[in-house]
1. From the backbone phi of the stretch 77-92, what are the Karplus-calculated ³J(HN,Hα) couplings (6.51 cos²θ - 1.76 cosθ + 1.60, θ = phi - 60°) in whole Hz, Gly and Pro given as x?
2. Sort 47-56, 70-79 for me by packing, meaning the mean count of neighbouring Cβ atoms within 10 Å per residue, highest on top.
3. Give the separation of the Cα centroids, the stretch 48-64 to the stretch 89-146, in Å.
4. For VAL88, VAL42, what's the largest-to-smallest order of accessible area, 1.4 Å probe?
5. Give me, ordered by chain and number, the residues 5 or more places off GLU98 or on other chains with an amide H under 5 Å from its own placed amide H.
6. Taking every pair of Cα atoms in the stretch 26-102, average 1/r, invert it to obtain the Kirkwood radius, and report Rg/Rh to two decimals.
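The values are calculated or read from the model by the stated rules, or taken from the named source; none is laboratory data. Since the structure is predicted, the reported quantities are computational estimates derived from the model, not experimental observations. Note that we place each Cβ from the backbone using ideal geometry, even for glycine, and neighbour counts take in every protein chain shown. Keep in mind that these areas ignore ligands, DNA and RNA; they rest on the heavy atoms of the full protein, side chains included. Shrake-Rupley method; radii C 1.70, N 1.55, O 1.52, S 1.80 Å.
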Amino acid sequence: MIVPSAKPVPIVLLTALLLLGGAAEARAISADDLAESIDAFVQGALRLHINARLVSPDQEEAVWSMDLTRATIGGRSVRVRLDGTGIVVVADFTPYWESENELLLVAQGQTWISDSRDGGETTYRTSFITLPIRLGEPIIFLPLGAGTAGADEGIDTDLADHLNIELEVSVERYQS
C-alpha cells in the first residue's frame, strides 16, 4: 500500500494561495477599469421620453395618453407596443450619436389592423424613417400615417375615421 507523503500538501496549498493572491490583485485592477468603463458608459447614456396619445381629428385634446421613459445607449432600441381593439402598433426607436448634441433617430413602425368591414381581415403595414435631431428636440411619429381616412397616406379603418395615433419622442442625456 502506498501512503501519500505529507510534503506535497503544503506546496499545493502555498501555490494555491499565491495564485489567489495574484487573482485578488488582478480583480482590484479590473475593478478600477470597470469603474472607468461605467463612468464612460453613463456619460454616453441617453433617456428616451415617449408620449403616446390617441387624438380625435375634430378635437385638439388627447382622448388617451401614456408616458414612457427609458434609458438606453447609442445603437440600442427602445420599443413601444400599443394594443387596442382591432389594432396593434409596435414602434422601435434607435438613437445613434452623430456629434456632441446631435443624434440620428431611426424610427421603425409596424401596424396590424383588423377591419370589421372586411370580415375581420388583418392588414399589416410598416414604416421606417431616419431623422437627424438635436438633444431634447421633440419629434412626432405617426405610425398610421399623416393622411386622413381614405387618403393614400393613411389607413382607412374605423379607428382612423375617429382617432389618430401620435407618438411624440424626445431624446436627452441620461442623468441619474
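1. After applying 6.51 cos²θ - 1.76 cosθ + 1.60, I find 7, 10, 10, 10, 10, 10, 10, x, 5, x, 8, 10, 10, 10, 10, 10 Hz.
2. Put in order of decreasing packing, that is 47-56, 70-79.
3. Comparing the Cα centres of the stretch 48-64 and the stretch 89-146, I get a distance of 15 Å.
4. VAL42, VAL88
5. LEU103, LEU104
6. In the stretch 26-102, Rg relative to Rh is 1.20.
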